[in-house]
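Asker: I have a structure here, written as structure tokens, and I will follow up with some questions on it.
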Amino acid sequence: MHELPITQSLLDLAIKHAEEAGGGKITDLYLVVGKLASVVDESVQFYWDIISEDTTAEGAKLHFRHTPLKIECLDCGAVFEPEEFSYTCNTCSGFRVRVVGGDEFHLEAIDLEQVEVSGAESGS
């Protein structure tokens, strides 16, 4: 259920940036979703299809790019992608680690249809 407010924020952000770029129909949104983000693609898409109706983003395609979990060892500085359920450093077997990637969720890019300016004359 937390995908609804997340999706609403995405829509608001996309419309704001589209307006700042001069307007136009939003055709594509590129999202980055980390393994720990607890965001379900299908739920975001479901809510997107509903809340984007009658906006400049209606019909826009959502593209999800998933990023793996990355851990940094605080003992030796190695950065690694842990095995499932194992956060022991692959280099020194240390247990003092911190997440450095894979917990993100953000809008990476937006594609817009170009707005044609009526009445503009082309140069010769």
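The values are calculated or read from the model by the stated rules, or taken from the named source; none is laboratory data. What you see is a predicted model; the values in this text were computed from it and never measured. FYI the Cβ positions are ideal-geometry reconstructions off the backbone, even for glycines, and counts take in every protein chain you see.
Asker: State which residue pairs qualify: first residue free of Cβ contacts under 8 Å to residues at least 40 places away in the same chain and inside segment 32-44, second residue of a type in the set (A, V, I, L, M) in any location, beta carbons under 9 Å apart, and separation of 6 or more residues or different chains.
Answerer: Asp41/Leu31; Asp41/Val33; Asp41/Leu62
Asker: Given (1) modelled with pLDDT of 95 or more; (2) exposed (fewer than 15 other Cβ atoms within 10 Å of the Cβ); (3) charged (D, E, K, R), identify the lone condition not met by Asp111.
Answerer: Checking Asp111 against (1) modelled with pLDDT of 95 or more; (2) exposed (fewer than 15 other Cβ atoms within 10 Å of the Cβ); (3) charged (D, E, K, R), the one that fails is (2).
Asker: Of all residues in segment 80-99, which are over 23 Å from the mean Cα position of the chain (by Cα) and part of a strand (DSSP E or B)?
Answerer: Kept after step one, since they are over 23 Å from the mean Cα position of the chain (by Cα), are these residues of segment 80-99: 83-97.
Result: Val97, single match.
Asker: If you go through segment 39-82 one residue at a time, how many are among the hydrophobic types (A, V, I, L, M, F, W, C) and under 23 Å from Asp12 (Cβ atoms)?
Answerer: The first filter runs over segment 39-82 and keeps only residues among the hydrophobic types (A, V, I, L, M, F, W, C), leaving 39-40, 44, 46, 48, 50-51, 57, 60, 62, 64, 69, 71, 73-74, 76, 78-80.
Restricting the remaining residues to those that are under 23 Å from Asp12 (Cβ atoms) gives 39-40, 44, 46, 48, 50-51, 57, 60, 62, 64.
Qualifying residue count for the region: 11.
Asker: Oh, and also: When residues of segment 59-110 are filtered for being acidic (Asp, Glu) and over 21 Å from Val39 (Cβ atoms), how many remain?
Answerer: Step one: list which residues in segment 59-110 are acidic (Asp, Glu), which gives 72, 75, 81, 83-84, 103-104, 108.
Add one more test, that the residue is over 21 Å from Val39 (Cβ atoms), and what stays is 72, 75, 83.
Total satisfying the criteria: 3.
Asker: Shifting gears a bit: Do any strands (runs of 3 or more DSSP E) entirely within segment 1-74 hold 2 or more residues that are surrounded by fewer than 16 Cβ atoms within 10 Å (Cβ to Cβ), and if so, which? Steps first, please.
Answerer: Values: elements: 26-34, 61-67, 70-73.
Ranges flagged: 26-34, 61-67.
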